[in-house]
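The values are calculated or read from the model by the stated rules, or taken from the named source; none is laboratory data. No experiment lies behind these values; they were computed from the predicted model shown. Ideal geometry is used to build each Cβ from the backbone, glycine not excepted, and the neighbour counts take in all protein chains shown.
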Amino acid sequence: MLVPYIGAPSTPNWISGRNKATQTVPLNRADNDPLTDCQVEYGYWSFTDTPPSLKLPGIVPTASQYPAVQVTITKAAGSNGGPVKMFLASVLGVLPADVSAKSVAMISFPGGMKIGGLKPLVATEDILAKYWDGFDPLNPTKPVRFKVGEPDKKDASVNDTMWTSFLADTNSNAYTKDLIDGVIPGEVWIGDSIHLQPGTRADDYGIKEMGRFKDTTVVIPIVDPATLLANCEAPIKGFIAFHITNYSQGGQYLEGYFDKDYVITNPQGAGSPNPSVHSTSNPPQLVY
């Protein structure tokens, strides 16, 4: 199911997509020989066209246009070992035939998530804007690490965040543990309002429980930057992957970075891109 969605990077990495497609072609065979030649195009796959088609990458995409890569393979003279051999047809004098095939894979994003697949913290748009494109100054190939949690007067680098109890308005430790452990059923969708709770449990409970996921990538919802208030509700604007590298119960924070390489494998539905919020994507899906 495709649903309206806020959550794509503003500029897809077209070159990376093209290179991945090119590297995949030799994994396929024709006439028992690996394929070597292909034509790779990229842009936005438009579902509003009849038939659907690939638009140029320079357009401003609508909610029904998805970043996509299109691969065309032709087996003919001078390409992929020549025409296809017509083994049975040769009895009737049919000559080898030129053939071609086209395939399109598009990027998509979660329209929703099972609550059990999320951790009960939220990321704000402000934190995303601040750290998404950041790199470690001592190692420019690595993403910048940052701290989220209750601000500590001794550590000004800790950024505000909030705990969420999702659809239930409760700050129960037992309920939070069930959320952290992923045992609570149910799902939430883009646009659903979730309950934000004060961070008092970070002092002696939540951070320690989340610390069990050190060196692990978790997925958390994205909310508006103006909603970090106690006991309020905020609509979900997307989902983001956060890799936990460390934690401090005394300092009341988790440390980590946004994991751009993570792919969400357990989404509910698929959503279309919108450049206003960075988000973590689903696996690419074939649409043609």
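Please enumerate the residues belonging to the range 7-53 that are aromatic (F, W, Y), out of contact with any helix residue (DSSP H, G or I) (no Cβ under 8 Å at 6 or more places or on another chain) and outside any loop (DSSP other than H, G, I, E, B).
Within the range 7-53, W14, Y44, W45 qualify.
When residues of the range 77-107 are filtered for being within 25 Å of G43 (Cβ to Cβ) and modelled with pLDDT of 80 or more, how many remain?
10
Which strands (runs of 3 or more DSSP E) sit wholly inside the range 94-135 and have at least 2 residues that are more than 20 Å from K260 (Cβ to Cβ)?
Output list reads 99-106, 109-114.
Can you find even one residue in the range 61-70 that is outside any strand (DSSP E or B), surrounded by fewer than 15 Cβ atoms within 10 Å (Cβ to Cβ) and of a type in the set (A, V, I, L, M)?
no
Does F166 satisfy being assigned by TED's automatic domain parsing to the domain that holds F258, among the aromatic types (F, W, Y) and on the phi > 0 side of the Ramachandran plot?
Yes; evaluated as a whole, the condition is true for this residue.
Quickly run through the range 94-145 and pick out the residues that are assigned by TED's automatic domain parsing to the domain that holds V25, out of contact with any strand residue (DSSP E or B) (no Cβ under 8 Å at 6 or more places or on another chain) and closer than 22 Å to T11 by Cβ.
None - no residue of the range 94-145 is assigned by TED's automatic domain parsing to the domain that holds V25, out of contact with any strand residue (DSSP E or B) (no Cβ under 8 Å at 6 or more places or on another chain) and closer than 22 Å to T11 by Cβ, so the list stays empty.
Which of the residues belonging to the range 229-251 are surrounded by fewer than 19 Cβ atoms within 10 Å (Cβ to Cβ) and either part of a strand (DSSP E or B) or among the hydrophobic types (A, V, I, L, M, F, W, C) (or both)?
Across the range 229-251, the qualifying residues are L229, A230, C232, E233, P235, T245, N246, S248.
For the range 182-223, which positions are at pLDDT below 85 and either farther than 13 Å from L121 by Cα or in a helix (DSSP H, G or I) (or both)?
Once the filter is applied, which keeps residues that are at pLDDT below 85 and either farther than 13 Å from L121 by Cα or in a helix (DSSP H, G or I) (or both), the range 182-223 yields G199, T200, R201, A202, D203, D204, Y205, G206, I207, K208.
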